[in-house]
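Shown next, in structure tokens, is the structure this report addresses.
The values are calculated or read from the model by the stated rules, or taken from the named source; none is laboratory data. Computed from a prediction, not measured in an experiment: that's the story for all the values here. Neighbour counts run over all protein chains shown; Cβ positions are idealised from the backbone, glycine included. Only protein heavy atoms, including side chains, enter the accessible area calculation; ligands, DNA and RNA are left aside. Shrake-Rupley method; radii C 1.70, N 1.55, O 1.52, S 1.80 Å.
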Amino acid sequence: MYTITMLGTLLNVFGAFLNWSDMAILNACVLLAFVPFIVISPESPMWLLSKERFDDAKKALQRLRGKDADIEEEFDKMRKHMCKGNRKIVTWRDILSNRDYLRPVLILIPIILLRNFTGWSAIQSFCLDIFKTAGGAVDPRVSAITVGSVQFIVFLISGYAMDKWGRKKVFSAVLMGTAEISLGKYHFLKSQK
């Protein structure tokens, strides 16, 4: 879902050339382009196993891994994991009383809250208006397109960077980069007065 959002952000480049109704049609076409992929993608092997559709689960796993892939060991592990004896319904009481469940929840809740309460979606939605109000030598449309493009590029790089260097190093690099950019922007704006 986030990938589609980022693709929509990149499509905002066309906002410099199209009116709002054409942009709405373009974004709808991009979303509709993903519908065939949803239709042809197999069901989740884990979901099929949970419904005790073992043959379908094996076929789906084979399709996901490729024709020549050996899936027997992976399928056996999945099947053992999903057998009735190992499955149990997790309740809120289980989550709040079991440290194995509680810790990830307590880590994710602040992240979700911070993401939603930082105001980024409002800034992104009103980016053009913000740049028009701020004024400046650069056309507000170009500024808004630059913001969307930088966001898209960072999105592409961040997944690779986290896999290669780890989340802590990438996070500290992002904080350092943000601080340096803020400092540079401050001195640039100060020199313009």
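The table for this structure:
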{"item": "Shape of region 14-97, Cα gyration tensor, a/c cut at 1.5", "result": "oblate"}
{"item": "Among (i) 17.1; (ii) 18.0; (iii) 21.7, the entry that matches Kirkwood radius over Cα pairs in Å as calculated here", "result": "(iii)"}
{"item": "Per-pair calculated FRET efficiency, R0 = 22 Å: V150 and S125 via Cβ, rounded to 0.05", "result": "0.85"}
{"item": "Length released on extending from A134 to M23, taking residue separation times 0.36 nm less the Cα-Cα span", "result": "37.5 nm"}
{"item": "Theoretical gain in end-to-end length, E180 to R99 [0.36 nm per residue, Cα-Cα removed]", "result": "25.3 nm"}
{"item": "Dipole magnitude of the chain about its Cα centre (Cβ charges: Lys, Arg +1; Asp, Glu -1), debye to nearest 20", "result": "660 debye"}
{"item": "Relative contact order %, the chain, counting alpha carbon pairs below 8 Å whose residues are six or more apart", "result": "24 percent"}
{"item": "GNM result for the chain, Cα springs below 10 Å: residue of M82, M23, M176 fluctuating most strongly", "result": "M176"}
{"item": "Value of [θ]222 nm, deg cm²/dmol, for the chain, DSSP H segments ≥ 4, -39500 (n - 2.57) each, nearest 500", "result": "-24500 deg cm²/dmol"}
{"item": "Environment charge of P42, counting only residues whose C-beta is closer than 12 Å and scoring Lys/Arg +1, Asp/Glu -1", "result": "+3"}
{"item": "Estimated FRET transfer efficiency (D55, F117; beta-carbon r; R0 35 Å; 0.05)", "result": "0.15"}
{"item": "Neighbour count of at most 14 Cβ within 10 Å plus DSSP loop: longest GluC sites (Glu not before Pro)-free window in the chain", "result": "53-193"}
{"item": "Label-point gap, in nm, between K80 and K190 - each point 7 angstrom along Cα→Cβ", "result": "6.3 nm"}
{"item": "Area accessible to solvent at S121, 1.4 Å probe radius, in Å²", "result": "80 Å²"}
{"item": "Among L61, L26, L96: highest mean-square fluctuation, GNM of the chain, C-alpha pairs under 10 Å", "result": "L96"}
{"item": "Extension gain from K67 to S158, taking 0.36 nm per residue of separation minus the Cα-Cα distance", "result": "29.6 nm"}
